[in-house]
Amino acid sequence: MYELYYWSEIQGRGEFIRLALEEIAIPYRDRAREPGGEAAMMKMLSGRGLSQPPFAPPFLRAGKLLIAQTANILDFLGERHGLSPPSEAGRLFARQLQLTVTDFLVEVHDTHHPIGVQLYYEDQKREAKRRTGEFLKARVPKFLGYFERLLARRPRSAYSLGPRLSHVDLSLFQLMAGMGYAFPNYMRKAARHYPKLLALKERVAARPKIAAYLTSGRRIAFNESGIFRHYAELDR
Ligand SMILES: N[C@@H](CCC(=O)N[C@@H](CS)C(=O)NCC(=O)O)C(=O)O
């Protein structure tokens, strides 16, 4: 059984792993959400007794393996459970796309924490507003435009890498869901630029295991402690 370690009250980066585990439908433990689990996670983050310690959550225990970095974990799960393309070139490309999602998430986080991760949002509001302006104007069109063009290259495929679902599709679902939560006004106006991404989001949400997960208590609601936060003043 897999054991996921991630902060217990947010979707954050852990959600990308939860979505893959839910789609694979193998029982897993969300360890930090169990009693005493967060303390266990902190102990592992101290690195004591671990030969390959993680730097930050999420990380996944798979038997004797302890794997960190979201894109790395998804590549591992994808290969084991049919969520990665079978060819080497395809798998490398899926990994490349996950790393691009990783880059995007850093910039999403920067919108509310442009100065310091340890500081409160309230202590960096002015800078956050400026950073978000640039993000929405230049960076979102660049990242989402890239993923949209990727989908447009395969007009007859249901998913980003072909007819079969991959971990990349699950992550693009989460990315679009998060953007819709954090910047609803902006995304409403920008929707006409991203028809294929929005259709993919709906297609993934309608998959039976994902649909069941999204309405279950296991899906933590978006909130203002996670990566995708809604601050009305930033969503103009
Ligand atoms: N590149 C890593 C980033 C991991 C990361 O930043 N994790 C956050 C939570 S989403 C964290 O707890 N970071 C602690 C820190 O950076 O000090 C990944 O994609 O998994």
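Conditions (1) touching a Leu at 6+ places or on another chain (Cβ under 7 Å); (2) within 13 Å of the ligand (Cβ to nearest atom), marked per residue:
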{"position": "Gly12", "(1), (2)": "no, yes"}
{"position": "Leu19", "(1), (2)": "yes, no"}
{"position": "Ala25", "(1), (2)": "no, no"}
{"position": "Gly36", "(1), (2)": "no, no"}
{"position": "Lys43", "(1), (2)": "no, no"}
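Residues in region 86-118 that are more than 13 Å from the ligand (Cβ to nearest atom) and in contact with a His (Cβ under 8 Å, 6 or more places away or on another chain): how many?
Residues meeting the conditions: 1.
Restricting to region 24-40, name every residue that is of a type in the set (A, V, I, L, M) and crowded, with 17+ Cβ neighbours inside 10 Å.
If we filter region 24-40 for residues that are of a type in the set (A, V, I, L, M), which is where we start, we get 24-26, 32, 39-40.
Result: Ile24, Ala32.
What is the residue count in region 108-120 for residues that are surrounded by fewer than 16 Cβ atoms within 10 Å (Cβ to Cβ) and in contact (Cβ under 8 Å) with a residue 24 or more places away in the chain? Walk me through it before giving the result.
Taking region 108-120 and keeping what is surrounded by fewer than 16 Cβ atoms within 10 Å (Cβ to Cβ), we get 115-120.
Adding the requirement that they be in contact (Cβ under 8 Å) with a residue 24 or more places away in the chain leaves none.
Going through region 108-120 one residue at a time, the tally reaches 0.
Confirm whether Gln11 is closer than 30 Å to Arg131 by Cα, under 15 Å from the mean Cα position of the chain (by Cα) and loosely packed, with under 13 Cβ neighbours inside 10 Å. Steps first, answer last, please.
Numbers: closer than 30 Å to Arg131 by Cα: yes; under 15 Å from the mean Cα position of the chain (by Cα): yes; loosely packed, with under 13 Cβ neighbours inside 10 Å: no.
So Gln11 fails the test.
Would it be correct to say that Leu161 is modelled with pLDDT of 95 or more and touching an Asp or Glu at 6+ places or on another chain (Cβ under 7 Å)?
Numbers: modelled with pLDDT of 95 or more: yes; touching an Asp or Glu at 6+ places or on another chain (Cβ under 7 Å): no.
It is false that Leu161 is modelled with pLDDT of 95 or more and touching an Asp or Glu at 6+ places or on another chain (Cβ under 7 Å).
For Arg31, which of the numbered conditions (1) within 30 Å of Phe135 (Cα to Cα); (2) touching a Gly at 6+ places or on another chain (Cβ under 7 Å) fails to hold?
Condition not satisfied by Arg31: (1).
Just one of (1) among the polar types (S, T, N, Q); (2) closer than 16 Å to Ser225 by Cα; (3) open to solvent by 20 Å² or more (accessible area, probe 1.4 Å) trips up Ser157, so point out which.
(2)
Results for (1) surrounded by 15 or more Cβ atoms within 10 Å (Cβ to Cβ); (2) in contact (Cβ under 8 Å) with a residue 40 or more places away in the chain; (3) within 29 Å of Trp7 (Cα to Cα); (4) aromatic (Phe, Trp, Tyr), shown as yes or no for each residue.
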residue: Pro57; (1), (2), (3), (4): yes, yes, yes, no
residue: Leu74; (1), (2), (3), (4): yes, yes, yes, no
residue: Leu83; (1), (2), (3), (4): yes, yes, yes, no
residue: Gly90; (1), (2), (3), (4): no, yes, no, no
residue: Ala128; (1), (2), (3), (4): yes, yes, yes, no
residue: Tyr146; (1), (2), (3), (4): no, yes, no, yes
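If you take just the helices (runs of 4 or more DSSP H) that sit entirely in region 183-226, which of them hold at least 1 residues that are touching a residue at least 40 places away in the same chain (Cβ under 8 Å) and among the hydroxyl-bearing types (Ser, Thr, Tyr)?
On the way: elements: 184-190, 195-205, 208-214.
Helices (runs of 4 or more DSSP H) meeting the threshold: 184-190, 208-214.
The values are calculated or read from the model by the stated rules, or taken from the named source; none is laboratory data. Quick caveat: nothing in here was measured; it's all calculated off a predicted structure. Don't worry about glycine lacking a Cβ; one is built from the backbone with ideal geometry, like all the others, and counts go over all protein chains shown. Side chains are part of the model used for accessible areas, which takes the heavy atoms of the whole protein and leaves out ligands, DNA and RNA. Shrake-Rupley method; radii C 1.70, N 1.55, O 1.52, S 1.80 Å.
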